[in-house]
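Trainee: Have a look at this one.
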Amino acid sequence: MKPLDTLLAVAVAAIWGMGFIFAKAAIGEFPPILLMAFRFTVTAIALVWFVRPPLHVFRHIFWAALIGCAVQYSLTFTGLRSIDASVAIIVVQLEVPFAALLAAIVFGDKLGWRRAMGMLLAFLGVSLIAGEPRHEGELLPILLVVGGAFSWAIGQVLIKRMGSVGGFTLIAWVAVFSAPQLFACSALFETGQLDALATAGWVVWGAVIYLGLVMTALGYGIWYRLIASYDINQVMPFLLLLPVFTVIGSVAILGESLTLTVVLGGLIAVAGVGIITVERNPFRSSVP
């Protein structure tokens, strides 16, 4: 890769990794599903004017947005509210083994012993973290994040079945569909939205802007440019830096503490994800 593109790939990992830090800071004082609803509202407003509506796949985008975005973010960020960002970002890495497993089931992709070993390591690392004594009361939030990772993988199956839509078109219209879905989820499962809106400060609205414009619109703009220019296996390994940036940010900005168990479990999980990713990534498109 060209030096500039290498820096851009690292920048994407940093942008996405820091998104968890901004979200964690905001959901301490704001309902997490409502935060995600505003995030995708901002993304939709920023992008939808520049792409044509893919009317022929609207039904498919609706379901992909519902499962791979509305359900995923509802689960993931509700879980994040009760656990450290450094723990959540490691658990989120289960997206990759879930995606590989579903690709084998739905599309007949061959797993092979290396990818099977990578899956085992990823689940082992997350299990090690979940079993740490200090997380005894946090099993449900961790399971919510696991559920979000699985929902993401299902969403990728639905997206892959659409065929070629186009990166920005996909991002824009997933945002258009997922924003009202997330508002509906917030109305069903959260309370105190009006009070939260009345008292929301710059941390909340700064997070909305960052998540909507920087993490989603800008991050994916760079990402799809790199994917179009290089082989997938040249680009995907850079996402292994994502947990690194989140962990560093969680310690430096949020004041979270790391234990040896979390570090060890994280290294095992990321190593497993690395084995799967470097071997062959089952899907090209996602909306994190």
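The values are calculated or read from the model by the stated rules, or taken from the named source; none is laboratory data. Note that this is a predicted model, so its numbers are computed, not measured. Every residue, glycine among them, receives a Cβ derived from its backbone with ideal geometry; neighbour counts consider all protein chains shown. Calculation scope for accessible area: heavy atoms of the full protein, side chains included, ligands and nucleic acids excluded. Shrake-Rupley method; radii C 1.70, N 1.55, O 1.52, S 1.80 Å.
Trainee: Do the conditions hold for L241, that is, is it open to solvent by 30 Å² or more (accessible area, probe 1.4 Å) and over 25 Å from V270 (Cα atoms)?
Mentor: Judged against the criteria, L241 is not a match.
Trainee: Filter segment 271-288 down to the residues that are crowded, with 19+ Cβ neighbours inside 10 Å and under 13 Å from M119 (Cβ atoms), then identify the one that is modelled with the highest pLDDT.
Mentor: Among those residues, the one meeting the criterion is G272.
Trainee: Another question, then. Out of the residues in segment 170-202 meeting the condition of being in a helix (DSSP H, G or I) and of a type in the set (S, T, N, Q), tell me which one is nearest to A65 (Cα to Cα).
Mentor: Among those residues, the one meeting the criterion is S178.
Trainee: Given (1) aliphatic (A, V, I, L, M); (2) surrounded by fewer than 22 Cβ atoms within 10 Å (Cβ to Cβ); (3) farther than 24 Å from L35 by Cβ, identify the lone condition not met by L66.
Mentor: So L66 meets the others, but not (3).
Trainee: Given the criterion of a type in the set (G, A, S), out of contact with any Cys (no Cβ under 7 Å at 6 or more places or on another chain), part of a helix (DSSP H, G or I) and surrounded by fewer than 17 Cβ atoms within 10 Å (Cβ to Cβ), identify the matching residue among S127, S164, S151.
Mentor: S127
Trainee: Now, a different point. Looking at segment 90-121 only, could you name the residues that are aromatic (F, W, Y) and in contact (Cβ under 8 Å) with a residue 40 or more places away in the chain?
Mentor: Listed by number, the residues that qualify are F98, F107.
Trainee: To continue, here is another question. Among the residues of segment 211-232, how many are in contact with an Asp or Glu (Cβ under 8 Å, 6 or more places away or on another chain), of a type outside the set (F, W, Y) and at pLDDT below 80?
Mentor: 1
Trainee: Give all pairs with beta carbons closer than 9 Å in which a residue from segment 51-80 that is in contact (Cβ under 8 Å) with a residue 40 or more places away in the chain and polar (S, T, N, Q) meets a residue that is part of a helix (DSSP H, G or I) and surrounded by fewer than 16 Cβ atoms within 10 Å (Cβ to Cβ); count only pairs at least 6 apart in sequence or on separate chains.
Mentor: S74/F189; T78/F189
Trainee: Return yes or no: is G108 assigned to a helix (DSSP H, G or I) and either closer than 30 Å to A271 by Cα or in contact with a helix residue (DSSP H, G or I) (Cβ under 6 Å, 6 or more places away or on another chain) (or both)?
Mentor: It is false that G108 is assigned to a helix (DSSP H, G or I) and either closer than 30 Å to A271 by Cα or in contact with a helix residue (DSSP H, G or I) (Cβ under 6 Å, 6 or more places away or on another chain) (or both).
Residues checked against (1) in a helix (DSSP H, G or I); (2) open to solvent by 50 Å² or more (accessible area, probe 1.4 Å):
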| position | (1), (2) |
| --- | --- |
| L8 | yes, no |
| F22 | yes, yes |
| T43 | yes, no |
| V48 | yes, no |
| R52 | no, yes |
| Y73 | yes, no |
| T76 | yes, no |
| S86 | yes, no |
| V96 | yes, no |
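Trainee: Next up: Show the residue pairs that are 6+ apart or on different chains and have beta-carbon atoms under 7 Å apart, the first residue being within segment 18-47 and at pLDDT 95 or above, the second being among the basic types (K, R) and not in a helix (DSSP H, G or I).
Mentor: Filtered contacts from segment 18-47: P32/R81.
Trainee: Here are the criteria: (1) of a type in the set (G, A, S); (2) part of a helix (DSSP H, G or I); (3) at pLDDT below 75. Tell me which single one G265 does not satisfy.
Mentor: Status for G265: all satisfied but (3).
Trainee: It is to be established whether one or more residues within segment 26-37 are more than 21 Å from E190 (Cα to Cα) and assigned to a helix (DSSP H, G or I).
Mentor: no
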